[in-house]
1. Residue by residue through the range 47-54, what is 3J(HN,Hα) from phi via Karplus (6.51 cos²θ - 1.76 cosθ + 1.60, θ = phi - 60°)? Round to whole Hz and write x for glycine and proline.
2. Build a GNM of the chain with springs between Cα atoms under 10 Å: which of A118, A47, A61 gets the top mean-square fluctuation?
3. Rounded to the nearest Å, what's the spacing between the alpha carbon centres of the range 1-42 and the range 98-128? Just the number, please.
4. Can you list the residues, at least 5 places off or on another chain, whose amide H is less than 5 Å from the amide H of A66, using H built in the peptide plane?
5. Charges only on Cβ, +1 for Lys and Arg, -1 for Asp and Glu: so what's the dipole of the chain about the Cα centre, in debye to the nearest 20?
6. Starting from the Kirkwood Rh over alpha-carbon pairs, what translational D in µm² s⁻¹ does the range 4-124 have by Stokes-Einstein at 20 °C and 1.002 mPa s?
7. Would you mind checking which residues have amide H under 5 Å from A59's amide H? H placed 1.01 Å from N; only 5 or more apart, or other chain.
8. In sequence order, what are the phi-derived ³J(HN,Hα) couplings for the range 91-97 according to the Karplus relation 6.51 cos²θ - 1.76 cosθ + 1.60 with θ = phi - 60°, rounded to whole Hz, with x for glycine and proline?
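What follows is calculated from the coordinates using simple rules that are stated; it is not laboratory data. Everything quoted here is computed from the prediction, not taken from an experiment. Because the Cβ atoms are built from the backbone with ideal geometry, glycine has one as well, and the counts that use them run over all protein chains shown.
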Amino acid sequence: MVTIAILIGSESDRHIADRTTKVLDNAGVDYDVRVISAHRDPQELEAYVLSSDASVYIAIAGLSAALPGVIASRTKKPVIGVPVNSKLGGFDALLSIVQMPKGVPVACVGIDNGENAAYLALRILGKN
């Protein structure tokens, strides 16, 4: 069983995932990190979300940042989005994550702030 699933839209977002996993390592919480694009690999993403036993998802994505929203559309579990500064100072990704339609909530932390995503996941789980 994995407690937290960390999904990144591309390998270029790995540095943010590394910040996230450091916090989780210090807290002693298990996690799984996968690179799955919502745009390039939608079937793989859906299969992963539907088969995962994770309690919380952290989705790290830049540009259009569809990853957190797609995950949230496939699960009732909490999803935390981390916008990445790829273009436009990361505001494009930030707005994509925070402007979700009603009924498909995604929590959002600051641009490139993988650490806060980990801290929020720990709070959701009652682990800090």
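1. Result, ordered by residue: 4, 5, 4, 5, 9, 6, 9, 4 Hz.
2. With Cα springs under 10 Å in the chain, the top fluctuation among A118, A47, A61 is at A47.
3. With the range 1-42 and the range 98-128 each reduced to a Cα centre, they are spaced 13 Å.
4. none
5. 380 debye
6. Answer from the Stokes-Einstein relation: 156 µm²/s.
7. So A59 has HN proximity to L7, I80, G81, V82.
8. Per residue, the Karplus-derived 3J(HN,Hα) values read 5, 4, 5, 4, 5, 5, 7 Hz.
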